[in-house]
Amino acid sequence: MSEIRRLQTFLDFVRLGTIAAVADATQYSTSAVSQQLERLARDVGVELLRPHGRTLRLTSAGEALAERAPALLGAWEQLHSDVTAVTDEVRGLVSVAAFQSACLALLPPLLSSLRETAPGVRVRCVQAEPDRAITALRSREIDVAVIERFAGQSSAPHADLVETLLGEDEMLLALPAGADPVRELSQLAATPWVFEERGGPERVWAEAMCHAAGFVPQVAHETSDVVMRCSLVAAGEAATFVPALTPEALRLGVECVTLSDGQSRELFAVTRQSSNADLAVQAVVRELRDTLGRLQHERPVT
């Protein structure tokens with residue numbers, strides 16, 4: 001329904017602050033975004049935005065709509081899920097966001113499997129770190145967010161979201177091929193490291209691992225790109241941790257060693273409560289879980 005699309009555009013404006021930002025995020029033209037906002041104001045019969053210098057600000061009516069609109073959109077999404085659930089037809093477009101290693105390992109086989117198990121479902125893939133993916137999920141830019149969580153990390157409960165555990169993924173120590181054997185992490189106290197940028201869940205876990213081994217890591221390089229991390233390790237420039245999901249083809253020149261205490265991360269698929277019952281969303285989440293299971297079963301013992 002066009003009214004629902006206009007309401008989402010309005011919430012995009014509330015979140016992003018400018019028409020240009022909304023146009024950039026939604027790939028509409030600025031004039032199309034302006035027209036949707038103007039039409040929404042005509043539909044509700046009150047002024048929602050008012051010029052303030054070179055910007056637009058919410059009126060009191062706009063603020064009231066911004067407060068209530070998420071519940072309206074959630075109710076519509078729930079209604080759509082309930083209605084489609086009474087049919088046996090599984091179809092629709094599902095947008096999935098995942099961090100890089102999950103994108104590399106899970107999404108290509110997911111697309112292939114869904115062509116067999118749910119041919120009416122189309123998937124749009126987006127690469128995004130967990131925090132960005134959750135924000136995009138709440139703003140309805142995506143429908144499923146794949147996130148990671150490490151030992152000792154927890155998430156505050158969110159009534160509007162549903163988490164489904166996909167499985168565990170072992171974390172490995174990555175060293176240059178041919179490097180001297182490492183039995184204890186403390187042997188690498190003087191070694192330069194390449195870690196994820198600060199603030200990410202893997203960076204917090206990696207630093208904690210080194211601290212527990214009795215040293216402060218010398219972080220020489222920072223990147224969330226697992227391909228670049230493997231390249232730096234292969235060149236002998238650093239050590240790092242990599243998830244076992246990292247495709248073998250990206251680990252050329254790298255030797256991956258199982259950590260002595262068997263460290264792993266948990267992978268979750270996160271959906272909105274209002275769309276969790278959607279058959280297409282369920283099909284994607286189920287196939288993500290099955291894909292991870294198949295990859296783990298096929299993985300050679302390290």
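The values are calculated or read from the model by the stated rules, or taken from the named source; none is laboratory data. Small disclaimer: the values here were computed from a predicted structure and weren't measured. Cβ coordinates were reconstructed from backbone atoms using ideal geometry, including for glycine residues, and neighbour counts include every protein chain displayed. Areas reflect the complete protein model, heavy atoms only, side chains present, ligands, DNA and RNA absent. Shrake-Rupley method; radii C 1.70, N 1.55, O 1.52, S 1.80 Å.
Add +1 for every Lys or Arg and -1 for every Asp or Glu among the other residues with Cβ under 12 Å from the Cβ of G199, and state the total.
-4
Please give the solvent-accessible surface of I147 in Å², to the nearest 10, using a probe radius of 1.4 Å with every protein chain present.
For I147, solvent-accessible area is about 10 Å².
Run the simple label-point estimate for E116 and A177 please: 7 Å along Cα→C-beta, distance reported in nm.
About 3.1 nm, to one decimal.
Out of the total accessible area of the chain (probe 1.4 Å, heavy atoms of protein only), what percent is carbon and sulfur?
Here carbon and sulfur together make up 52 percent of the probe-accessible area.
Sorted by mean Cβ packing within 10 Å, highest first, what order do the peptides 120-126, 225-231 take?
225-231, 120-126
Quick one: what are the phi-derived ³J(HN,Hα) couplings along the stretch 194-203, Karplus 6.51/-1.76/1.60 with θ = phi - 60°, whole Hz, x for glycine and proline?
With coefficients 6.51, -1.76 and 1.60, one gets 10, 10, 4, 4, 4, x, x, x, 5, 4 Hz.
5 Å is the cut-off here: which amide hydrogens, built 1.01 Å from N in the peptide plane, fall below it relative to G236, excluding neighbours closer than 5 in sequence?
Excluding prolines and chain starts, which carry no amide H, there are no hits.
Can you give the net charge of the other residues whose Cβ lies under 11 Å from the Cβ of Y28, counting K and R as +1 and D and E as -1?
The answer is -1.
Kindly express, to the nearest 10 degrees and within the range 0 to 90, the angle between helix 60-85's C-alpha long axis and the longest C-alpha principal axis of the chain.
So the inclination is approximately 70 degrees.
Put +1 on the Cβ of each Lys and Arg and -1 on the Cβ of each Asp and Glu in the chain; which of L40, A23, A145 then has its Cα farthest toward the positive end of the dipole?
It is L40.
With the convex hull built on the Cα atoms of the chain, state its orientation-averaged projected area in nm².
So the Cα hull casts an average projection of 18.6 nm².
Keeping every protein chain present and rolling a 1.4 Å probe, give me the accessible area per residue for the stretch 22-143 in Å².
58
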